[in-house]
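Reading through the structure tokens given below for one structure.
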Amino acid sequence: MLANPATSVTTIERFILEQERNFPDATGELSNLLYDVALGAKVIASAIRRAGLVHVLGSAGGTNVQGEEQMKLDIFANETLKNAMCHTGRVCVMASEEDEQLIPIPEQYSHGKYAVLFDPLDGSSNIDVNCSVGTIFSVYRRVSMEGSGTMADVLQRGSEQVAAGYVLYGSSVMLVYSTGRGVHGFTLDPTIGEFLLSHPNIMTPRVGRYYSVNESNFARWNRGVQMAVRGFHGDTPERIKGKKSRYIGSLVADFHRNLIAGGIFLYPGDEKNPEGKLRLSYEAAPMAFLIEQAGGGATDGYRPILSIVPDRLHQRTPLVIGSHDDVVFVTETIKEFGP
Ligand code: AHG
Ligand code: MN
Ligand code: MN
């Protein structure tokens, strides 16, 4: 039968099932885990869509029309993701940017073979000004034997991820993920409540059009980083062609634009914060997994992000991520001009 575009769409469920068919020993657990995340994303998306109405519908004192106290959206997103995954038997432990400690799976549920880490609401300062925010997730296979997952399950080298992805709550809602076989993007069709395949096999351009960095930190960067960014300004045309600047202040949104259009995102360390700002396990590692799958690169300036073994949950790392040749340019410039 011929596929009619109006009646034949590829939902995220169908896409994952079809991918899995090529791997006969797949048990489907990872696929189901991705649907759990997708469901959580839809719940979060619907809350974000209403965020601007809070002032219209809500009454003073942070309570809504039903008299319930309003939850901050990052807490709401955090709880939503935990609830989407804790009862399924697919996960043994979770960790979140919003929780100081590991998040155990409640006793009454069985423990699965995956450890999941997430930044439930990335770029949350953008909420109040109606700009894009996101959710980032990262999945590892457990290394502990059974029962409740442990620190060892979540503190694994980034290259051990079995899946990673993000959801962008932008002008449309997109879910982009990889299980190590390419990067695939889905757009939420709000009329049917399904994520539909819109961007199969995303590859990022080798050289980007954009650079994204918070330049207010310029004076505190080391000379290597300053020289690299000067290169992006177009000040050293013998070394690199200048780029356009774009910075939203929401990693997911900045990353997504650069992934599709080509570009480089930097959050270097500086005098005040030598480790930078971003979290290795919730932000840098999952994005590094995606960008490498899309043909780009990610480094802390000296070593690939995916080679770093975290030694604590909320570890920060400098991050340089994006189009392959641009990341190489930054690492070489740092090597040459040094700290
Ligand atoms: P979060 O909202 O999860 O704390 O993350 C915010 C992060 C990231 O999304 C963004 O790239 C960065 O903070 C922006 O930081 P600056 O405001 O320092 O530029
Ligand atoms: Mn974040
Ligand atoms: Mn966050």
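The values are calculated or read from the model by the stated rules, or taken from the named source; none is laboratory data. Since this is a predicted model, take the numbers as computed values, not measurements. Because the Cβ atoms are built from the backbone with ideal geometry, glycine has one as well, and the counts that use them run over all protein chains shown. Areas reflect the complete protein model, heavy atoms only, side chains present, ligands, DNA and RNA absent. Shrake-Rupley method; radii C 1.70, N 1.55, O 1.52, S 1.80 Å.
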Check on T187, in a strand (DSSP E or B), among the polar types (S, T, N, Q) and within 16 Å of ligand 1 (Cβ to nearest atom): no
First in region 271-288 and open to solvent by 10 Å² or more (accessible area, probe 1.4 Å) and more than 9 Å from ligand 1 (Cβ to nearest atom), second anywhere and of a type outside the set (D, E, K, R) and modelled with pLDDT of 95 or more, Cβ under 7 Å, 6 or more apart: E275/G269; E275/T317; E275/P318
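From the list L313, L266, which one is surrounded by 23 or more Cβ atoms within 10 Å (Cβ to Cβ) and out of contact with any Gly (no Cβ under 6 Å at 6 or more places or on another chain)? Before the answer, list the steps.
Details: L313 fails: surrounded by 23 or more Cβ atoms within 10 Å (Cβ to Cβ).
Being surrounded by 23 or more Cβ atoms within 10 Å (Cβ to Cβ) and out of contact with any Gly (no Cβ under 6 Å at 6 or more places or on another chain) holds for just one of L313, L266, which is L266.
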Failed criterion for S250 (all others in (1) within 16 Å of ligand 3 (Cβ to nearest atom); (2) without any contact (Cβ under 8 Å) to a residue 12 or more places away in the chain hold): (2)
Region 113-160, subset of a type in the set (A, V, I, L, M), open to solvent by 50 Å² or more (accessible area, probe 1.4 Å) and out of contact with any helix residue (DSSP H, G or I) (no Cβ under 7 Å at 6 or more places or on another chain), residue nearest to ligand 2 (Cβ to nearest atom): V129
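How many residues does region 90-99 hold that are open to solvent by 20 Å² or more (accessible area, probe 1.4 Å) and away from ligand 3 (no atom under 14 Å from the Cβ)? Steps first, please.
Here is the first cut: in region 90-99, the ones open to solvent by 20 Å² or more (accessible area, probe 1.4 Å) are 90, 97-99.
Of the ones still in play, those that are also away from ligand 3 (no atom under 14 Å from the Cβ) are 90.
Count: 1.
Do you know which of the residues in region 116-156 that are small (G, A, S) and within 16 Å of ligand 3 (Cβ to nearest atom) is nearest to G89 (Cα to Cα)? Give the steps one after another, and end with the answer.
Residues of region 116-156 that are small (G, A, S), as a first pass: 123-125, 132, 134, 138, 144, 147-149, 152.
Those left that are additionally within 16 Å of ligand 3 (Cβ to nearest atom): 123-125, 132, 134, 138.
Values: G123: 30, S124: 30, S125: 34, S132: 32, G134: 26, S138: 17 Å.
Per the criteria, the residue is S138.
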Residues being under 14 Å from the mean Cα position of the chain (by Cα) and free of Cβ contacts under 8 Å to residues at least 40 places away in the same chain - total across region 289-334: 2
Unique residue being buried (at least 23 other Cβ atoms within 10 Å of the Cβ) and away from ligand 3 (no atom under 16 Å from the Cβ) when the list is G224, G242, G322: G322
Pick from region 185-207, criterion polar (S, T, N, Q) and without any contact (Cβ under 8 Å) to a residue 60 or more places away in the chain, ranking: least open to solvent (accessible area, probe 1.4 Å): T187
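Table: residues versus (1) out of contact with any His (no Cβ under 9 Å at 6 or more places or on another chain); (2) over 18 Å from G262 (Cβ atoms).
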position	(1), (2)
G193	yes, yes
L196	yes, yes
H199	no, no
A228	yes, no
K243	no, no
